[in-house]
Amino acid sequence: MERSATIRDISVLVVDEERAFAESLALAIEFQAGFRSAGCALTFPAATQRLREATVDVALVTFGVGGVNGLDWVRRLRNAHPSITLVTLASNRDAVSATMAVAAGAAQCVSRDSGLADVLSAVRRAHCSGADRRAAAKRPSVSQLAPREAEVLWLLARGSTIPLIAEGLFLSPHTVRGYLKSAFRRLGVHSQVEAVARARALGLIPSY
């Protein structure tokens, strides 16, 4: 019997080139309380078509598997569907992969080999952070950050370092530090910890 959706259900689309993996994950999601499967897509065109046809809250996008350039998919999906929250399933979930995924537009990065509970936990966190960003965008803020300044602070808040941020954003560490100094001036703070806390308090970066 088909499970009925509730107002709290998070609709999830799986984007992965391996049919067996994508279909099994999509099916497993369908039977989890609080979630609803939006199916799966094996190619980028199929993913964009599905996003146009169905109501999707979160897209799970694989990168680092086979010949798929998942990070390129993330960037293109972010540009084409800015309201969709993206979570990457990485074949190698290390600090560099996570930083590159977030820099490309993902809200969360989780290992492709993770258990279903870990994947859904990342989906839920990402969905909540997306709601935070949308709410913050509607609120007038005391201060404004340039997009790259906010991105650097967000990555710092997620535990990344200046060298990793530089690598993930294809910038030099000197340039990243420049964005930080500019953010410090805008926020009226003197340290990374203060900057992250102030930006979160103003709703300029997600609070998770």
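The values are calculated or read from the model by the stated rules, or taken from the named source; none is laboratory data. Since this is a predicted model, take the numbers as computed values, not measurements. Ideal geometry is used to build each Cβ from the backbone, glycine not excepted, and the neighbour counts take in all protein chains shown.
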*Among the residues of segment 167-196, which ones are assigned to a loop (DSSP other than H, G, I, E, B) and either of a type in the set (G, A, S) or under 14 Å from E151 (Cα atoms) (or both)?*
F170, L171, S172, G188, S191
_Contact list please: Cβ distance under 7 Å, first residue in segment 113-128 and assigned by TED's automatic domain parsing to the domain that holds L27, second residue assigned to a helix (DSSP H, G or I), pairs at least six apart or on different chains._
L116/A28
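Quick one: count up the residues across segment 22-45 that are touching a residue at least 12 places away in the same chain (Cβ under 8 Å) and assigned to a helix (DSSP H, G or I). Before you say what the answer is, go through the steps one by one.
Going through segment 22-45, the residues touching a residue at least 12 places away in the same chain (Cβ under 8 Å) turn out to be 22-23, 25-26, 28-32, 34-44.
Those still in the list that are assigned to a helix (DSSP H, G or I) too: 22-23, 25-26, 28-30, 44.
Residues meeting the conditions: 8.
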*Quick one: in segment 155-190, of everything that is under 27 Å from C128 (Cα atoms) and surrounded by fewer than 16 Cβ atoms within 10 Å (Cβ to Cβ), which residue is modelled with the highest pLDDT?*
T161
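For E17, are the conditions met, namely being within 18 Å of S111 (Cα to Cα), of a type in the set (D, E), modelled with pLDDT of 80 or more and part of a helix (DSSP H, G or I)? It would help to see each step written out before you state the result.
On the way: within 18 Å of S111 (Cα to Cα): yes; of a type in the set (D, E): yes; modelled with pLDDT of 80 or more: yes; part of a helix (DSSP H, G or I): no.
No.
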